[in-house]
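Bear in mind that the values in this text are calculations on the coordinates, not laboratory data. Just so it is clear, the model here is predicted, and its values are computed rather than measured. We place every Cβ from the backbone using ideal geometry, glycine too, and count neighbours over all the protein chains shown.
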Amino acid sequence: MRQKGIPGSGLIGGVSLSSFLQMLEQERKSCTLVVSSGGRQGSFYFDDGILVDAQFGNEVGQDAAYKILLWDNPALSVTHSEDRMRRIHLPLAHILLDSAKQKDEKDPESNESPEPESASESFLDDSAEPEHNDPARRRFIQAISSIAGIKHYFLLNRQGKMITQSSRKLKIGDFIAYCIVSGIQMRKVLDVKGPSRIQLVLENDETILIVPGAGMIIGLLIDEFTSVNEISDKLGNIITSR
């Protein structure tokens with residue numbers, strides 16, 4: 001993937017947020033745009049000029065993008081790119097047009113999230129096999145993608161073959177499969193049940209959470225600020241509601 005240079009990390013003035021977002025798209029930048037206004041801070045994440053995600057507090061994806069776009073007099077700064085799950089599937093122009101309409105209709109300081117006119121259902125990675133592109137799996141991926149603390153997901157079948165993943169850079173499917181196989185072997189040797197989950201803390205304090213299920217193996221990359229127990233509880237609720 002081609003990596004373009006990014007502007008300096010200082011504050012950016014004299015340009016509107018929507019104009020700067022369009023510039024990042026046109027210049028095919030890979031970077032993080034940090035937006036500050038009234039003590040609030042949110043971020044837009046670009047990968048080769050594509051807006052892939054946004055975050056404001058616990059809000060992620062399109063909901064976060066719409067909220068940030070309603071802020072008055074935002075201060076802008078650009079930092080390094082991040083490997084983010086793609087939570088935004090609508091074109092940037094669509095989001096900006098929707099936001100402009102909402103700004104005309106709503107109080108700019110409203111905390112309500114504007115609803116997009118349409119939302120893409122393409123929650124699976126482009127590399128996913130067609131037979132796995134089913135509505136139930138789409139809903140499951142949509143649910144886990146809405147959790148801010150989850151940076152990426154990796155779904156494997158029981159044979160350890162990757163079904164789909166949110167990261168094109170991290171290739172850890174084989175590692176997840178190895179962890180599951182090792183866990184099964186340890187269970188047989190020790191004659192114990194489990195493991196119900198495998199948790200590995202990385203050097204950067206991020207965590208890989210692996211949950212073997214009856215239908216598939218779920219691997220999650222969790223950021224350093226989020227409790228693994230909290231994610232496990234939310235994941236359990238999603239699985240039981242399927």
* Centre separation in Å (Cα based) which lies between region 33-98 and region 207-233 -> 25 Å
* Structure fact -> Going residue by residue through region 53-61, the Karplus relation 6.51 cos²θ - 1.76 cosθ + 1.60 with θ = phi - 60° gives ³J(HN,Hα) values, rounded to whole Hz and with x marking Gly or Pro, of 6, 8, 8, 9, x, 8, 8, 9, x
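Go ahead and run the numbers for FRET between V192 and K171, Cβ-Cβ distance against an R0 of 41 Å, rounding to 0.05.
Details: r = 31 Å, r/R0 = 0.76.
Computed FRET efficiency for V192 and K171: 0.85.
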* Asked: How are the C-alpha pair distances of region 130-240 spread across 5 Å bins, as whole percents from the shortest bin up?
  -> 2, 11, 23, 25, 22, 12, 5, 1
* To do: Average the reciprocal distances over every distinct pair of alpha-carbons in region 11-105, invert the result, and give the Kirkwood radius in Å.
  => 13.1 Å
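State, as an integer percentage, the relative contact order of region 130-240 based on alpha-carbon contacts under 8 Å between residues 6 or more apart.
Taking the mean separation of contacting Cα pairs over the length of region 130-240, I get 28 percent.
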